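Encoded as structure tokens, the structure appears first; notes follow it.
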Amino acid sequence: MATLLVNIGQLVTISTGGERWKAGAALRELGILSDAAMVVGERIQWIGSPSEAYRLREAGLLQWDTLYDVGGRVVVPGFVDSHTHAVFVGSRAHEYRQRLAGATYQDIAAAGGGIMATVYAVRRASEEELVEAARPLLWNALRHGTTTIEIKSGYGLTTADELKLLRAIRRLATELPLRIVPTFMGAHALPPEYRDRRAAYVELICQEMLPAVASEGLAEYCDVFAEEGYFTLEEAEQILRTAQEYGLRPRLHADEFTPLGAAELAARLGAVSADHLLYVSEQGIAALRESGTVATLLPGTSYTLRLPYAPARRLIAAGVPVALATDCNPGSCFCENMQMVLSLACQYMGLLPEEALVAATLNGAAALERSHELGSLEVGKWADFLILQLREVVELVYHFGVNHVAEVWIGGRCVWRESSPPAVEEC
Ligand code: NIG
Ligand code: FE
């Protein structure tokens, strides 16, 4: 079943030349086509002008089954949220209040809260309860424009509980229209039962968790929180190298709270992405540039924890491909809305709206090694796109705090449409 979409006020293709990611000055180029038409099946079949579409059909060179009038609105690729911890149970709203009253993320973790608070809740929950808790959150991400989302484990920290989380992620992936990319993150925190036996926990990850995750095919990537008080660079390297032996490719929480040199490690390991980077050094930036590792920036976390923002302008100037993601998690950033992330990136990291949009689509797809089939509107890619209730795409960021997404299409099918508000007399 193919659909011809016509009367697209602005078709924001993001890329027209098959680029796998954009960096530097190219990050500003959106490839906008005005008054465009697009034929979609599961994948994008054709892009051009409406008159050309009809001419080709006359000539027997193009066909479609249904016609859809976009009404002059804006069409963009779906957002690719390449960093989340979105499957968990429980609330840490009290920690949010504690931080507003002056406590730091580290103070709260040292007092037994933080990641471990969610770990204890997840250990008590069933796989079913994890699925139930995540479902509304993921639908919320979708109706705000996310069509592909990466989700990490890391709130189990025992073999059984990490597997339970990853199985919940797999069930959500089969049930929801979203494209879900699973990451194993057993090295999210050192569980207190291993406080004086760090090496034993790293061994557990390498000898038990990774083989089990790999044998069930539950994750594509392995991530490590390389940070003071969490995992050292040496431990991160050991875990990520072992993960690679099991076919899980590396990504890294790098230089989030301290300038540890984790960006350099990510580059050295050929990690797909180095994330956070609030405290990345000049050498770290140069190393990322050299290795082609994507720098995934998470401004919602700086906003929530009231920390400095990652040096986005310096990364862009150095030619590093920059992606934007939510980091959606119950502690440091409880937000599943990529439009909010675009707004923060422009306001606090100095990105232009165009740069933010490329970072949230094509470069997000690159951070998940899917930019050959996702992240831009080009013939042959999956037909994952949003119809925005806008005339001009720049308003997506300029007019903030409201949901501009009117429709979400994934694989050429409308999976969510905003219903019009009831008339007053119907209320
Ligand atoms: O990316 N940095 C580590 N993990 C998350 C926080 C998770 C949590 O607090 O539950 C982050 O900020
Ligand atoms: Fe994170």
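Some points to look at:
- Of the residues contained in segment 366-381, one or more are found to be assigned to a helix (DSSP H, G or I) and in contact with a Phe, Trp or Tyr (Cβ under 9 Å, 6 or more places away or on another chain).
- Hey, GLN244 more than 16 Å from ligand 1 (Cβ to nearest atom), outside any strand (DSSP E or B), of a type in the set (S, T, N, Q) and under 18 Å from LEU368 (Cβ atoms) or not: yes
- Note on segment 144-197: among residues that are within 18 Å of ALA109 (Cα to Cα) and among the hydroxyl-bearing types (Ser, Thr, Tyr), the one that is farthest from the chain's Cα centre (by Cα) is TYR194.
- Segments classed as helices (runs of 4 or more DSSP H), wholly inside segment 1-116, with at least 1 members that are closer than 30 Å to LEU165 by Cα and within 29 Å of the chain's Cα centre (by Cα): 93-100, 105-110
- Listed conditions (1) among the aliphatic types (A, V, I, L, M); (2) within 15 Å of ligand 2 (Cβ to nearest atom); (3) touching a Cys at 6+ places or on another chain (Cβ under 6 Å) are all met by LEU248, apart from (2).
- Among the residues of segment 395-427, the ones that are at pLDDT below 95 and over 26 Å from THR66 (Cβ atoms) come to 7 in all.
- Residue selected from segment 90-103 under the condition surrounded by 14 or more Cβ atoms within 10 Å (Cβ to Cβ) and within 12 Å of ligand 1 (Cβ to nearest atom), by the criterion farthest from ASP275 (Cα to Cα): GLY90
- A residue that is under 19 Å from THR84 (Cβ atoms), among the hydroxyl-bearing types (Ser, Thr, Tyr) and touching a strand residue (DSSP E or B) at 6+ places or on another chain (Cβ under 7 Å) occurs nowhere in segment 223-235.
- Candidates in segment 298-325 are the residues that are away from ligand 1 (no atom under 16 Å from the Cβ) and of a type in the set (Val, Ile, Thr); of these, the one that is surrounded by the fewest Cβ atoms within 10 Å (Cβ to Cβ) is ILE316.
- Summed over segment 326-375, residues that are under 21 Å from THR16 (Cβ atoms), within 16 Å of ligand 2 (Cβ to nearest atom) and surrounded by fewer than 24 Cβ atoms within 10 Å (Cβ to Cβ) total 0.
- Screening the candidates VAL80, VAL74, VAL87 for the property of being surrounded by 22 or more Cβ atoms within 10 Å (Cβ to Cβ), over 18 Å from ARG179 (Cβ atoms) and of a type in the set (Val, Ile, Thr) yields one hit, VAL74.
- VAL202 over 30 Å from GLU128 (Cβ atoms) and either out of contact with any Phe, Trp or Tyr (no Cβ under 6 Å at 6 or more places or on another chain) or free of Cβ contacts under 8 Å to residues at least 12 places away in the same chain (or both): yes
- Residue match in segment 39-53 (condition: out of contact with any strand residue (DSSP E or B) (no Cβ under 8 Å at 6 or more places or on another chain) and of a type in the set (D, E, K, R)): no
- Pairs with Cβ under 9 Å, 6+ apart, first in segment 51-64 and of a type outside the set (A, V, I, L, M, F, W, C), second loosely packed, with under 15 Cβ neighbours inside 10 Å and in a helix (DSSP H, G or I): GLN63/ARG57
- VAL393 vs. criteria surrounded by fewer than 21 Cβ atoms within 10 Å (Cβ to Cβ) and assigned to a loop (DSSP other than H, G, I, E, B): no
The values are calculated or read from the model by the stated rules, or taken from the named source; none is laboratory data. The structure displayed is predicted, hence computed values, not measured ones. So basically every Cβ, Gly included, is an ideal-geometry build from the backbone, and we count neighbours across all protein chains shown.
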